[in-house]
Amino acid sequence: MAAAVAAAAAAASLSRYNNNNNNNNNHSSTSTTQNHQNHHQLGLEVPPVMSRYESQKRRDWNTFGQYLKNHRPPLTLSRCSGAHVLEFLRYLDQFGKTKVHTESCPFFGHPNPPAPCPCPLKQAWGSLDALIGRLRAAFEENGGQPETNPFGVRAVRLYLREVRDAQAKARGIGYDKKKRTRKPHITTTTDSEAYGSI
């Protein structure tokens, strides 16, 4: 129950960020630039502006830290395992916005179903994958060792792969990576090579 409360707070924070981020992105970048210019004109030292990725990573890290603190019994980062990460990810599903059809649903495998259905909403695989990437980086930036990183363990990677494959089937959407097309190699020849040595 306590773990559920902790994860609910974390998920609510994550959801609020996702909802507000698009609306505020243009306004915040403009106002940040103006503030930076004003401070610079006054001769004040201005800290570098944090990128969108960095601010999102910090927010995710704080959210996960809150989850650990509210966990019963409370967890320290050193005792956090891949199992706790999976528990966190599964709980976040109830705050998801991606319709994932069950196999008994008539729209199973249809990317654009023609009518509503009672299938559950879940976190999209891409969102979870990006979240884990940011948390994995934040763990090491905050003193964690790569070999003890709970966000990089095999169980978490397998879980993300299973979510990806299940959602691809249920929603009829493939996640195959696009192959990069290589540009044809053009060899240039010198005049002497083209016409032979004179």
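The values are calculated or read from the model by the stated rules, or taken from the named source; none is laboratory data. The structure displayed is predicted, hence computed values, not measured ones. Reconstructed Cβ throughout: ideal geometry from the backbone, glycine too, with neighbour counts over all protein chains shown. Quick note on the areas: whole protein, heavy atoms, side chains included, nothing else; ligands and nucleic acids left out. Shrake-Rupley method; radii C 1.70, N 1.55, O 1.52, S 1.80 Å.
What's the Kirkwood radius of region 46-89 in Å, using all Cα pairs? Spell out each step's value before the answer.
Numbers: mean 1/r = 0.0844 Å⁻¹.
When all Cα pairs of region 46-89 are included, the Kirkwood radius is 11.9 Å.
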Just grab the label-to-label distance for residue 98 and residue 83, each label 7 Å out from Cα along the Cβ direction, in nm (one decimal). 2.7 nm
Calculated FRET value between residue 169 and residue 142, using beta carbons and R₀ = 35 Å, to 0.05: 0.45
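Please work out how much length the chain gains when fully extended from residue 129 to residue 76, using 0.36 nm per residue of separation minus the C-alpha to C-alpha distance, in nm with one decimal. Mind showing how you got there, number by number?
Values: separation 53, 0.36 × 53 = 19.08 nm, distance 2.33 nm.
Result: 16.7 nm gained on full extension.
Ordering 91, 53, 159, 67 from largest to smallest accessible area (1.4 angstrom probe), what's the sequence?
On the way: 91 60, 53 100, 159 25, 67 0 Å².
The most accessible residue leads, giving 53, 91, 159, 67.
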Label points 7 Å out from Cα along the Cβ direction at residue 62 and residue 155: separation in nm? 2.9 nm
Residue 173 - accessible surface, heavy atoms, 1.4 Å probe, Å² rounded to 10: 50 Å²
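Rolling a 1.4 Å sphere over the protein heavy atoms, what is the accessible area per residue of region 61-153, to the nearest Å²?
Working: 5080 Å² over 93 residues.
Accessible area per residue: 55 Å².
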From most to least accessible, 1.4 Å probe, no ligand or DNA/RNA atoms counted, 84, 110 line up as 110, 84
